[in-house]
């Protein structure tokens with residue numbers, strides 16, 4: 001529902017899916033800020049920051065370090081660059097900043113963010129459509 005609302009679905013369109021007359025919650029959350037593992041930004045117009053929150057389910061303290069595969073024409077940074085977990089259930093929010101320097105001519109360009117603690121790797125694909133820099 002949130003995805004449909006963020007993309008402009010009308011109450012009538014939502015009713016077709018749910019069977020009930022449904023209103024979108026205000027304020028709308030931009031779809032790039034849904035807390036999904038993948039990161040997608042359509043119509044990127046200049047620099048943008050998005051956020052993700054992760055929950056640790058391991059049994060002992062660990063540190064995950066970020067590495068980025070930049071989409072073509074976009075510099076991506078992550079803050080913090082390390083996630084330090086001390087206990088199971090701990091949540092950490094991080095920020096991903098996009099700095100486009102080249103339009104993608106209507107196409108999506110792809111990269112990834114990978115967190116690595118030396119034993120496990122967690123990869124989030126990144127897809128960006130750059131309208132302007």
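Any read-out appearing in this document is the output of simple, stated calculations on the displayed coordinates, not a laboratory observation. All values derive from a computational prediction rather than experimental measurement. All Cβ positions, glycine included, derive from the backbone under ideal geometry; neighbour counts span all protein chains shown.
On alpha carbon coordinates alone, what is the Rg over Rh value for the chain, Rh being the Kirkwood radius? Each step should come with its number before you reach the end.
Details: Rg = 17.3 Å, Rh = 16.5 Å.
Here Rg/Rh amounts to 1.05.
Sorted by packing (mean other beta-carbon atoms within 10 Å per residue), highest first, where do 118-129, 52-63 land? Present the calculation step by step, with values, prior to reporting the outcome.
Details: 118-129: 14.9, 52-63: 12.6.
Result, highest mean Cβ count within 10 Å first: 118-129, 52-63.
Given the C-alpha centroids of the stretch 61-133 and the stretch 23-42, what is the distance between them in whole angstrom? Cα centres, the stretch 61-133 to the stretch 23-42: 17 Å. Can you show me the helix-derived [θ] at 222 nm for the chain, built from DSSP H runs with n ≥ 4 at -39,500 (n - 2.57) apiece and divided by the number of residues, rounded to the nearest 500. Counting only the DSSP helices, I get -2500 deg cm²/dmol.
Exposure proxy shown here: for 32, 51, the number of other Cβ atoms within 10 Å sets the order, fewest to most, as 51, 32.
Within 10 Å of each residue's Cβ, count the other Cβ atoms and sort 24, 5 from fewest upward.
Details: 24 17, 5 20.
The most exposed by this proxy come first: 24, 5.
Under a Gaussian network description of the chain, with springs only between Cα atoms under 10 Å, the residue in 79, 18, 88 that fluctuates furthest is 18.
Here r is the Cβ-Cβ distance between residue 101 and residue 55 and R0 is 25 Å; the resulting FRET efficiency, rounded to 0.05, is 0.15.
Rounded to the nearest 0.05, what FRET efficiency do residue 114 and residue 28 have when you use their Cβ-Cβ distance and R0 = 25 Å? Please list the in-between numbers first.
Working: r = 30 Å, r/R0 = 1.20.
With a Förster radius of 25 Å, E is 0.25.
Label-to-label distance, residue 65 versus residue 7, with points set 7 angstrom from Cα along the beta-carbon direction: 3.8 nm.
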